[in-house]
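Below is one structure, written out as structure tokens; comments come after it.
What follows is calculated from the coordinates using simple rules that are stated; it is not laboratory data. It should be emphasised that the depicted structure is a prediction, and the values quoted were computed from it without experimental measurement. With ideal geometry, Cβ positions are generated from the backbone for all residues, glycine too; neighbour counts draw on all protein chains shown.
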Amino acid sequence: MTLTKPIYFDNAATSRCDPRVVEAMLPYFTEIYGNTGSRNHSFGWVAEDGVEVARRQIAALIGADRKEVIFTSGSTESNNLAIKGAARMYAKHPAGSGECRGHIITAQHEHKATLDPCKRLEKEGFEVTYLEPRSDGLITAEMVKAEMRDDTILVTIMWANNEMGTINEIPEIGALCHDRPAGKQVIFHTDGTQWVGKMPANVTADNVDLMSMSSHKMYGPKGVGALYVRRRRPRVRLTALLEGGGQERGMRSGTMNVSGIVGFGKAAELAGHEMDSERERLLALRKKLEAGIVAGLSDVQINGHPEKRLPNISNISYGFVEGESLMMACKDIAMSSGSACTSASLEPSYVLKAIGVGDDLAHSSLRMSLGRFNTEEEVDFAIAQVIKSVNKLRDLSPLYDMHKEGIDITKIEWQAH
Amino acid sequence: MAGALAHADAQEKVRLIKGRKVNTMAYSDKVIEHYEKPRNVGSFGTQKEIKERTDIGVGLVGAPECGDVMQLQIKVDQDGNIEDAKFKCFGCGSAIASSSLATEWLKGKSLDEGEAIRNTEIVEELSLPPVKIHCSVLAEDAIKAAIEDYRHKNGIDHDHDES
């Protein structure tokens, strides 16, 4: 069977829609096209039906009640709603009072959709602690405990990191947040974007109060996501971001993206059924990929905890070779890099920096993320192309020369411009 | 059309649907060519050897932390003309192409002519986008550093007082 090139190894960025998802969505464009808010005619009722089925499908995936699922435009919006919504609701003092309105704990290597809302809240009078991750990328309950204060109101830690796949101690951190005296309640939010749909999640067993989810990371359409909002023990309330028609219990106004939501629901249903077998298959493929690369090249390092990672993500630094040139060289593989050149800001990955990976190795990193539609053949192809490209680029690299000659690169006085 | 679509690979599919060429690579063809068919890659010897040779000038610019390191070496003949040039580069495709192009242009030029090469000429030749202009600046720096090194080794520092 001939490979379709380029092969897609960037599933952590987004995933292809499962054809079964698209099939489920199609009637909702030209046949079932009502507004779910139209209470008085069948167009509205049928559309609402579709949304409510999806709501149940997503709730089932995470062990929640359907009333606890709020639909949004995606994880970025869900993160914004959860973090700003909870902080502003549970603030200890009003805005502009000059006092610290509450303390929030998060981590340095969270997604920008978490970090930027936190920065915004700092401007609004909240104090934020950004935990430094371990060198293996993990955030543990111990680390959170060490920073908890009497005035802590919110903890937000992602379940799995998008760049490395490393898995944080979510159930333990949740337990910590719930074990608080009366009046010192801490709400626990987790960004479940990379986790949900791939790994088992139960909001009660895992002690989660708020959780962001994204459709397009689990083979659903882009432009739709959800926020889990706990209703019991404790009941979590949020100040809304989008105000207007009062949809989603007042938490998220706006006409529902019916076709997107139906697709998301179907994707969630499929994920529930196929998660376990898929996880096994992808773990085996990832192991093969990493083993092949490590065996074929010297001076490579896998970033993040070796085992406590999602089964489908592999973040590797290739010494003496720069990430963007490596992506250009591997033209038949679609993946992403921690290199500055590939970010608009010319800064290398802040995630890799946070775990202590040196700037030069951060520039030399590639993230490959596998998914439902990747095959073993593609993995074999990728191993060969990566090895070939790295060797070719090392032939071009002055750093590799110096390394071969035994020169210590860290001792050179570089004249950066 | 449907049949062609079914059998086309990803890029071809998009072209057929949109009816126009899709630029899937951020690089110009020229940039890619410098990587696929590299010319003048290498070194005239080990770091130690080059340091001792007075007919070789080396420019080493950039820094690993910035993701860009260029090493440009020029071999200068008795008449003060650059008879050969070699490069090595740790950096993105545009950086590799910029330093590669620099070696091509330097061959056969005098030191003064080499010094006159401007980064803007590199930008134009390689069709570098704005975000990659700094790669051409680094290449110009590398050229100047190599020429400076050669002059310094041979006691013909240009425009400086001996200090």
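In a shell of Cβ-Cβ distance under 9 Å around B:Phe90, excluding B:Phe90 itself, what net charge do Lys and Arg (+1) and Asp and Glu (-1) give? Charge balance in the 9 Å sphere: -2. For segment A:1-158, the convex hull drawn through the C-alpha positions has a volume of 204 cubic angstrom per residue. Summarising the amide proton neighbourhood of A:Glu169: residues at separation of 5 or more, or on other chains, whose placed amide H is nearer than 5 Å comprise A:Ile139, A:Ala141. Spin-label model, A:Arg120/A:Thr14: points 7 Å from Cα along the beta carbon direction are separated by 2.2 nm.
Full extension of the chain between A:Thr4 and A:Arg237 yields a length gain of 79.1 nm, computed as 0.36 nm times the residue separation minus the alpha carbon distance. Computed from backbone phi, the HN-Hα couplings of segment A:260-272 come to x, 5, 4, x, 4, x, 5, 4, 5, 4, 4, 4, x Hz, rounded to whole numbers (Karplus: 6.51 cos²θ - 1.76 cosθ + 1.60, θ = phi - 60°; Gly and Pro given as x). Angle check, please: helix A:112-123 long axis (alpha carbons) against the longest principal axis of chain A (alpha carbons), in degrees 0 to 90, nearest 10. Computed tilt is about 60 degrees. Note that segment A:39-53 has calculated 3J(HN,Hα) couplings of 7, 9, 9, 5, 4, x, 5, 5, 5, 4, 4, x, 5, 5, 5 Hz, one per residue in order, obtained from phi through the Karplus relation 6.51 cos²θ - 1.76 cosθ + 1.60 (θ = phi - 60°); glycine and proline are x. Under 21 Å of direct C-alpha separation, and excluding same-chain neighbours fewer than eight residues apart, A:Lys145 reaches these lysines: A:Lys92, A:Lys184, A:Lys308. Taking chain A as a Gaussian network of alpha-carbon nodes connected by springs under 10 Å, the highest mean-square fluctuation of the residues A:Ile302, A:Ile407, A:Ile32 belongs to A:Ile407. Computed from the C-beta positions of A:Lys353 and A:Glu23 and an R0 of 41 Å, the FRET efficiency is 0.40 to the nearest 0.05.
Around the amide H of A:Ile7, modelled in the peptide plane, lie the amide H atoms of A:Ile333, A:Ala334, all under 5 Å away and 5 or more residues distant in sequence or on another chain. Charges were assigned to the Cβ only: +1 to each Lys and Arg, -1 to each Asp and Glu. The resulting dipole of the protein assembly as shown about its Cα centre is roughly 2900 debye. Straight-distance candidates among the lysines for linking to B:Lys48, with alpha-carbon spacing under 22 Å and chain neighbours fewer than 8 residues away dropped: A:Lys404, A:Lys411, B:Lys75, B:Lys86, B:Lys88, B:Lys144, B:Lys153. For chain A, report the translational diffusion coefficient in µm²/s to the nearest whole number, using Stokes-Einstein at 25 °C, 0.890 mPa s, and a Kirkwood Rh over Cα pairs. So the translational diffusion coefficient is about 108 µm²/s. Derived scalar couplings between HN and Hα for segment A:18-23 equal 5, x, 5, 5, 4, 4 Hz in order, rounded to whole Hz, by the Karplus curve 6.51 cos²θ - 1.76 cosθ + 1.60 (θ = phi - 60°), x for Gly and Pro. Three principal axis extents of segment B:63-147 based on alpha-carbon atoms, in descending order, are 39, 25, 15 Å.
Ellipticity at 222 nm from helices only: DSSP H runs of n ≥ 4 in the protein assembly as shown, each -39500 (n - 2.57), divided by the residue count, give -12500 deg cm²/dmol. Above 21 Å, the calculated P(r) of segment A:240-348 contains 60 percent of its Cα-Cα pairs. Placing pseudo-labels 7 Å out from each Cα toward the beta carbon at A:Asp380 and B:Asn81 gives an inter-label distance of 5.5 nm. The A:Trp414 and B:Arg118 beta-carbon pair, evaluated with R₀ = 30 Å, returns a calculated FRET efficiency of approximately 0.80. Taking the alpha-carbon centroid of each part, what is the distance from segment B:74-117 to segment A:182-250 in angstrom? So the separation of the two Cα centres works out to 58 Å.
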